Amino acid sequence: MSNLDMSEAVRMLADHHGISVDSLLQVLVEALATAYKKRPGAADEVIVEVNPESLDMKFTAYDVDDDGNWVNERDDTPSKNELGRIAAATFKQVMSQRIREVERDRKFEEYANREGDLVTGIIQQSDGRYALLDLGKVEALLPQAEQVPYERPVTGDRVKAYIVEVRKTAKGPQIVVSRTHPGLIKRLFELEVPEIADGVVEIKSCAREPGHRTKIAVFSNDANVDPVGACVGARGGRVRMVVNELRGEKIDIVSYSDDLHDFVSKALSPAKVTEVRLSEDATQADVIVPDFQLSLAIGKEGQNARLAARLTGVRIDIKSETQAANEANGIFEPRGGSRGDTEYASGEWRTNDETGEMQFHATDGSVVSEQEWAGGSSDTTESTEN
């Protein structure tokens, strides 16, 4: 094979593996050096040089003295037939190995800076531990912990996922993706809403319970653009595309406000709020709602209140107008009235940070859940929310 043919072969090989010619030539140099050392009578060390244009090769050999110094420099370039079969086999093995390593490094570099990006993949297989997504040139892992509850991956389905981590391993890049991360919501809206992609509308915060409900707060940098309307789209077309990708997960879109009173009030949508009372450090909010809106404000199993608290970053306690009025008059009676023979002279309703449920904390130290006091309120809450 002439040098011209070799040059063309190197170029085609580089194109086939998707690596640069310079990278492939470096692989060639390393493979030739390893193959050289396999030939009988080879020097202790060798430096191989390859002309990138003509592919002419030069082997500069060195001996190593007792002190580890390279001495006795000489040209020891072998002919094409001098390397021998063992050296040729070594060259082929090293060449293949180095090409695989270069491919792995290239794939890692391609995805290393893509954490937080949205990718589309086809589910190849799934088991109880994870689902494997084919992204084209690489595969991604969708662990069980990052899968939406009740969402069963089906082989062959095309899904969108959020890259949470890219790890470098001996087998190549390991890409971990998520279907539960709040960032997935933001990326999906960027795809569907040009105003978000252009920076006119911003998603200020997002609170999500995967598979059930999500609340997002949006803000417009242009007074002529309605941020909520832009996200909803004509006849709800834009938000519907996001909901379909999330397999029916409900999405509440509220307008962000720098006024925390206003923001907390909007975050509890669709419930109507009468008043918001903030603590001095703005970390606690007592929210007053009409009596008939209490269940809607709290939400099924406290979901609406819990998401609103995450969205605003404020701890929220919800009271009805009647309860607030009674407390103002010194009467501290849990909503739903007394239950059984027990009466509480004073206390307050608080949101459980772990479960999101409303609980009455009496001054005697006892704690009573909303369901215990409301007497079958769970059915009422669900029907009201729906």
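A few comments on the model shown:
- Residue that is nearest to Glu101 (Cα to Cα), among those in the range 30-72 that are basic (Lys, Arg) and free of Cβ contacts under 8 Å to residues at least 24 places away in the same chain: Lys37
- Residue list for the range 167-177, filter: surrounded by fewer than 22 Cβ atoms within 10 Å (Cβ to Cβ) and touching a residue at least 24 places away in the same chain (Cβ under 8 Å): Lys168, Lys171, Gly172, Pro173, Gln174, Val176
- Residues considered: Glu8, Glu82. Of these, the only one that is over 52 Å from the mean Cα position of the chain (by Cα), modelled with pLDDT under 75 and surrounded by 12 or more Cβ atoms within 10 Å (Cβ to Cβ) is Glu82.
- Selection within the range 248-275 - part of a loop (DSSP other than H, G, I, E, B), crowded, with 19+ Cβ neighbours inside 10 Å and within 30 Å of the chain's Cα centre (by Cα): Glu249, Tyr256, Leu268
- Count of the range 197-241 residues which are surrounded by fewer than 16 Cβ atoms within 10 Å (Cβ to Cβ) and in a loop (DSSP other than H, G, I, E, B): 9
- Filter result for Thr90 (under 46 Å from the mean Cα position of the chain (by Cα), at pLDDT 75 or above, part of a helix (DSSP H, G or I) and not assigned by TED's automatic domain parsing to the domain that holds Glu139): no
- Verdict on Leu188 being touching a residue at least 40 places away in the same chain (Cβ under 8 Å), out of contact with any strand residue (DSSP E or B) (no Cβ under 6 Å at 6 or more places or on another chain), crowded, with 18+ Cβ neighbours inside 10 Å and under 30 Å from Arg104 (Cα atoms): yes
- Only one of the numbered conditions (1) surrounded by fewer than 17 Cβ atoms within 10 Å (Cβ to Cβ); (2) closer than 16 Å to Leu184 by Cα is not met by Asp105, and that is (2).
- Residues that are surrounded by 15 or more Cβ atoms within 10 Å (Cβ to Cβ) and modelled with pLDDT under 80 within the range 37-56 comprise Lys38, Arg39, Leu55, listed in sequence order.
- Residue selected from the range 117-147 under the condition part of a loop (DSSP other than H, G, I, E, B) and either at pLDDT 90 or above or assigned by TED's automatic domain parsing to the domain that holds Ser20 (or both), by the criterion farthest from the chain's Cα centre (by Cα): Gln147
- Screening the candidates Val148, Val264, Val218 for the property of being touching a Gly at 6+ places or on another chain (Cβ under 6 Å), touching a residue at least 24 places away in the same chain (Cβ under 8 Å) and more than 30 Å from Glu103 (Cα to Cα) yields one hit, Val148.
- So Thr180, is it assigned to a loop (DSSP other than H, G, I, E, B), out of contact with any Gly (no Cβ under 7 Å at 6 or more places or on another chain), crowded, with 18+ Cβ neighbours inside 10 Å and not acidic (Asp, Glu): yes
Yes/no matrix, rows are residues, columns are (1) of a type outside the set (Val, Ile, Thr); (2) assigned to a helix (DSSP H, G or I); (3) out of contact with any Ser or Thr (no Cβ under 6 Å at 6 or more places or on another chain); (4) modelled with pLDDT of 95 or more:
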position	(1), (2), (3), (4)
Val243	no, yes, yes, no
Arg277	yes, no, yes, no
Asp286	yes, no, yes, no
Ser295	yes, yes, no, no
Glu301	yes, yes, yes, no
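- Here Leu307 clears all of (1) surrounded by 21 or more Cβ atoms within 10 Å (Cβ to Cβ); (2) touching a Pro at 6+ places or on another chain (Cβ under 7 Å) except the condition numbered (2).
The values are calculated or read from the model by the stated rules, or taken from the named source; none is laboratory data. Predicted, not measured: the structure shown is a model, and the values here were computed from it. We place every Cβ from the backbone using ideal geometry, glycine too, and count neighbours over all the protein chains shown.
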